[in-house]
Each structure stands twice: as C-alpha cells, then as structure tokens.
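Right, one structure below, let's go through it.
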Amino acid sequence: MRRIQSNDVTVDTAATLAIAKTTATPNVVVGETFTYTITVTNNGPSDAQQVVVTDALPAGVSFVSADTGGSLDNGVVSWPVGTLAAGASVNLSLEVRLASDLANGTEVSNVAEVNSPTDARSPRVSAPAVITAVNERATLELVLAATPLTVTSGDAITYTLEVRNTGNIGTGAVNVTLPLPNDTQFISATDGGVLDGLNVNWALANVPAGETLSLNLVVRSSDGLADGVVIVAQARGTAAADPRGEQLSNEVRVNVNALRVANLEVLKTPAAPRVLAGESITYTIRVRNIGNATARNVLVTDALPAGTVFESASMGGTFAAGTVSWNIAEIAAGGEATLTLVLGIPANTAAGTVIRNVAVANSAD
C-alpha cells in the first residue's frame, strides 16, 4: 500500500482598495453649503470585508448631512460600508457648510480614508479635495414683471427684467436670456437685447455692486388664443463674478381673456365745492375706458339739474331739451376723454341750495 501526501490548499483573502474625494464647486462663497463626493473602489481580487470610510472635517467647515448612513461623531464622519465586492465601487456624499468668517482666498483641504481588514495596506487615504473661500463676490438677482397681467389675442405685453447685483463687487460680464414666452411674437427689446431663434439675449458689460439695470421686452400675444391660456415667462443669467453660476428669475404668468369688452367709467368733478349765486360753475367730466376693447360710438349725456342754466360745453357738446350730449367716435382700451361743462347759477338762487349733477356714458361696444 502507498501513502499519498495530502494536497490541501488554504484560501486567503486580499483586497486592494482605492479612494477618491472630489467636489464640483472649487470656489465656495463663505457661509454657503457645498458637497464632497467620495468614491471607494475595490480592485480585488477578493471581496473587502468590514469596510469603513471616515472623513475628519477640517477647520473652516461644519457638518450638514451625509448619505448612506453616514454619521458625525466628535468631528469625524463615518460610513459603515460593510462588504464591498471585488470590482465594485460605492459613492458617498457629504454636505458641509463653509465658515462665514474665512478670509477671501482661504484654501480648505480635506481627505477621506477607507479601512478594511481585507486590505493589508489600509487605511487608504484620498488625494486632498481643495476648495477656495470667496467673500468678495457679485450676487446676481433677476426679477421679472409683466404689464398687463391679463390680455386678449393680439395685445402687447411688456416684460421688465431687473438685473440686480446685491454683492460687494461688480459683476463683470453678465449674460441674460429671456426665452420668448409661449404664444407670443417678438416686437422689440431695449438695451441691446437681440432675438436669437426663440431667445432674447442681452450681453451686459458690468453691473456695479448694489446697483440695478432694467431691461424691457415687448411681445404680442398670438391671434386666436383660447380663453384661459396662460403665457409663462422666466429669465436666466450668469455673471462672471458670481461663483454660483446660472441664476433664474421668478416666473411670471399672464392670463388670456378671450372676451374683449369695453368698460366705461365716468368721473365728474366741479372746479370748486361752492359757487356764488349769479356766477358760473365749471365741471370736468372724465370718461375712462377701463375695459380691454375699444369703446366706439360713445354717447355722454348730462341732464342739467333744476336751477342751472347751460352756458357752454367743450368737445362739440350740444344742448337740447335740458340735456347736454357729446358724441365721441372711440375711446381706446385704457384711454380716456376729458370734457368740460359750464353752467350758470341764477342770481336769485337761495343760499344753501345744493346742486347735484351726474353724467352718463354709453357705448355701442
């Protein structure tokens, strides 16, 4: 009988871990938050067991949050990753806030470590992620408004865009874009605004600290719009000295009212609240169209009160059968006509007499 030596093999495990730490915002405004991304890769050949990632926060930053179970303890953020398979990677995020008292240009460097008993050379340390503190900056703000906020088809809309710099240095070059709102056509733009396709663009050289520039865009609402359509506009822009990148304005919504209606309002005022018997009193009559359509064939009438005598009327007003009448061809939406009426007060009018007088306006529309 021959004896054969046993060929037993003992299995060992070994993993080679790699760790990288980055941030998408190398320049950070003091007092604001930013995010680190930590990537851990297991280059094998074995699965890595009991993997733990740690990040000791440097001076100048404070903890805000961590994903994937990360927690803060005594200034160190830890992630219990557990087992990381050979060839696999895991991404971790750490949000921190930059101290508000850092001097402009201060650099903050931060590294992360990964440990595993499977990697004989752990802890592995990342290359530093370095950010630079910014406390001298422009702060671009865009504020958009529209007039009017209710239109009908074919009406003009004027957008006013305020480009504000609330920072402590000039903006440098500012690029602002206002996409043409839906259901509108371009009419004009101020301050060098240029239509490029469906966008109106402005290139501004600089907005000084604390100042505001106003830009205007005029568009026309499309024909045949249905009642209830909403025209939406929002601007965007960047400033060279604002490290936050692109900023958005507020959203402005203009409502379409498909019904076009004239709406006349009459305001009548005497030149003085008191008049002497035997003298004249002058009334001013303002006929305003507060509707959204032109008022045509407007008839204004004023029935003279008892105890007064007609003397004159402006704008072709005529007197007949105790009533003064004016015929006005049209009053545009938002427009007005101003008329005057002079009445005499008889000399025998008793003291204390109160004269009440009204005017009425009607339109064919």
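The values are calculated or read from the model by the stated rules, or taken from the named source; none is laboratory data. Keep in mind that what you see is a predicted model, and the values were worked out from it rather than measured. We place every Cβ from the backbone using ideal geometry, glycine too, and count neighbours over all the protein chains shown.
Miscellaneous remarks
- Check on THR35, surrounded by 13 or more Cβ atoms within 10 Å (Cβ to Cβ) and either modelled with pLDDT under 95 or under 30 Å from THR132 (Cβ atoms) (or both): yes
- Residue selected from the stretch 241-295 under the condition of a type in the set (Lys, Arg) and in a strand (DSSP E or B), by the criterion nearest to VAL29 (Cα to Cα): ARG253
- All of (1) more than 30 Å from GLY210 (Cβ to Cβ); (2) surrounded by fewer than 19 Cβ atoms within 10 Å (Cβ to Cβ); (3) modelled with pLDDT under 95; (4) in contact with a strand residue (DSSP E or B) (Cβ under 7 Å, 6 or more places away or on another chain) hold for ALA120 with one exception: (4).
One line per residue, one yes/no per condition, for (1) surrounded by 17 or more Cβ atoms within 10 Å (Cβ to Cβ); (2) over 15 Å from the mean Cα position of the chain (by Cα); (3) farther than 21 Å from PRO148 by Cα:
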| position | (1), (2), (3) |
| --- | --- |
| ILE187 | no, yes, no |
| ASP191 | no, yes, yes |
| GLY197 | no, yes, yes |
| GLN234 | no, no, no |
| ALA240 | no, yes, yes |
| ALA258 | no, yes, no |
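- Listed by first and then second residue, the pairs with beta-carbon distance under 7 Å, at least 6 apart or on different chains, first residue in the stretch 327-352 and assigned by TED's automatic domain parsing to the domain that holds VAL287, second aromatic (Phe, Trp, Tyr), are LEU339/TRP326; THR340/TYR283; LEU341/TYR283; LEU343/PHE310.
- The residue list VAL81, VAL96, VAL76, VAL61 contains one member that is farther than 24 Å from THR25 by Cα and β-branched (Val, Ile, Thr), which is VAL81.
- Residues that are among the aliphatic types (A, V, I, L, M) and either in a loop (DSSP other than H, G, I, E, B) or touching an Asp or Glu at 6+ places or on another chain (Cβ under 9 Å) (or both) within the stretch 213-229 comprise LEU213, LEU215, LEU225, ALA226, VAL229, listed in sequence order.
- Taking every residue in the stretch 171-183 that is more than 16 Å from GLY154 (Cβ to Cβ) and assigned by TED's automatic domain parsing to the domain that holds ASN206 and pairing it with any residue that is of a type in the set (Phe, Trp, Tyr) and part of a loop (DSSP other than H, G, I, E, B), at least 6 positions away or on another chain, yields no pair with a Cβ-Cβ distance below 6 Å.
- Strands (runs of 3 or more DSSP E) wholly inside the stretch 305-354 that include at least 1 residues being within 27 Å of ARG274 (Cβ to Cβ) and not hydrophobic (A, V, I, L, M, F, W, C): 309-313, 323-331, 336-344
- Complete set of residues in the stretch 242-256 that are surrounded by 14 or more Cβ atoms within 10 Å (Cβ to Cβ) and at pLDDT below 95: ASP242, PRO243, ARG244, VAL256
- Scanning the stretch 41-85 for residues that are modelled with pLDDT under 95 and in a strand (DSSP E or B) returns a single hit, GLY44.
- Matching residues, the stretch 168-178, being in contact with a strand residue (DSSP E or B) (Cβ under 8 Å, 6 or more places away or on another chain) and closer than 23 Å to GLU136 by Cβ: THR171, GLY172, ALA173, VAL174, ASN175, VAL176
- Scanning the stretch 326-365 for residues that are of a type outside the set (Gly, Ala, Ser) and in contact with a Ser or Thr (Cβ under 6 Å, 6 or more places away or on another chain) turns up GLU330, LEU339, THR340, VAL342, LEU343, VAL360.
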